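A quick write-up on the structure given underneath.
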Amino acid sequence: MNMQRALAPLTAPLGWRSAVLLLAVMTAVWQLAVPIELPVSAPLPSPPAATPPAAASVAAVSSAYPAIAEHPLFFPTRQPWAPPVPKAAPPVPPAPVPAAAHPLKKYQLVGVMISEGARTALIMPSDGGKTVFISEGQQLNGWTLREITREALHFESGDAAYDLKFPTPRWPR
């Protein structure tokens, strides 16, 4: 008896839910069982096959409104579309100078100083000579320093180019 009283609040809503579900199923069956008769209308005429509808409308607008056809409405320049001009081929990079015979190979990049107005690099010859301070635009062994970046110095001589980079550290092992 106590169990029946405890379950009573839970079973009452279940009865209502079952009744509503049964009513919904009966309504769905009734809707599917009754045939729907649609009114019969005459078949639609087929469009002429000579010109597609889009081409016909464009031709009609072109002939009726030549100013609109010549100056499209949604272009900012209001000029007819023209294909873009093909870009020129990129220039071929100059052939690199062999590293073994390069005159700047004997130098090692020691440091780079970049400030607001000047860029200077410190390079040291491998034979133990004096450290050389060099700025952009200066020459070294016939090579002109074109650019100083944090990672490398970019030299040019005629069509040839050479990048002097910091040495690779040999540590940690």
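Any read-out appearing in this document is the output of simple, stated calculations on the displayed coordinates, not a laboratory observation. All figures in this text were calculated on a predicted structure; none of them were measured in a lab. Please note: Cβ atoms are built from the backbone with ideal geometry, for glycine as well, and neighbour counts cover all protein chains shown.
Would you confirm whether or not segment 133-152 contains a residue that is of a type in the set (Val, Ile, Thr) and exposed (fewer than 10 other Cβ atoms within 10 Å of the Cβ)? Scanning segment 133-152, I find no residue that is of a type in the set (Val, Ile, Thr) and exposed (fewer than 10 other Cβ atoms within 10 Å of the Cβ), so the answer is no. Of the strands (runs of 3 or more DSSP E) lying entirely inside segment 103-167, those carrying at least 1 residues that are within 23 Å of Val92 (Cα to Cα) are 143-148, 152-157, 160-165.
Condition test on Arg150, is it under 17 Å from Ser115 (Cα atoms) and among the basic types (Lys, Arg)? The answer is yes for Arg150.
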